[in-house]
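Notes for the one structure printed next.
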Amino acid sequence: MFNTERTVVHGVLLAALDVDDAFVAEIKSYTGSDVAFFVLDTEGEADVRVSTVPGSEVSAAIGGWDVAAAFERDSSSGRLVLEFEDQTLIGVLGALRGPAGSPLGGYVGLRSRDEELAPYTQFQRTVGWVSLAGLLLAVAASYAVSRQVVRPITRLVEMTHRVRDGQYTGDISVQSRDE
């Protein structure tokens with residue numbers, strides 16, 4: 001542990017990176033996520049500068065938020081839902097802060113809800129098909145077992161009717177256990 005009272009800052013290193021279309025395309029290729037970067041204007045509104053999805057869609061999705069105030073409270077302000085072109089993207093919004101710690105802009109990371117839920121949807125379909133197959137097998141097994149039980153009873157009822165009608169001879173064949 002070092003003593004903070006004797007620590008002296010001798011310098012600061014500042015690194016910069018161009019955030020352009022190539023950069024966001026590279027992020028998308030590495031993460032499989034759509035991304036957007038924006039700056040906050042003087043009103044605290046988000047102005048999307050680069051994005052892998054239409055910037056107007058991102059601006060519309062976060063347009064109702066007081067992004068600057070949300071970033072003052074926390075570095076990420078929650079979930080974002082973006083719907084366009086028959087797909088729903090879900091994601092998070094995060095702050096990009098200046099040296100003084102005040103938010104200057106932010107980023108949005110988005111993933112397709114359908115792609116994220118695909119394994120669960122497939123599992124649900126599989127469970128449905130397995131349940132249906134199990135039900136059909138149960139019905140088939142019940143039918144087979146009932147036929148095995150009903151056949152001797154039906155034969156016994158037929159023989160009883162013949163005896164009742166006075167037919168004591170003929171095609172009444174009952175095998176004894178000894179045979």
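The values are calculated or read from the model by the stated rules, or taken from the named source; none is laboratory data. Treat the numbers as computed from the prediction; the structure is a model and nothing was measured. Using ideal geometry, Cβ is built from the backbone for each residue, glycine included, and neighbour counts are taken over all protein chains shown. We work out accessible area using only protein heavy atoms, side chains counted, and drop any ligands, DNA or RNA first. Shrake-Rupley method; radii C 1.70, N 1.55, O 1.52, S 1.80 Å.
The label-point distance for Phe123 and Ile153, in a model that sets each label 7 Å from Cα toward Cβ, rounds to 4.3 nm.
Counting heavy atoms of the protein chains only and a 1.4 Å probe, report the per residue accessible area for the stretch 98-168 as a whole number of Å². Walk me through the numbers before you get to the answer.
Numbers: 5660 Å² over 71 residues.
I get 80 Å² per residue for the stretch 98-168.
Once the Cα gyration tensor of the stretch 100-151 is diagonalised, what are the square roots of 5 times its eigenvalues, in whole Å and ordered largest first, as equivalent ellipsoid semi-axes?
Details: eigenvalues 647, 12, 3 Å².
Listed largest to smallest, the semi-axes of the stretch 100-151 are 57, 8, 4 Å.
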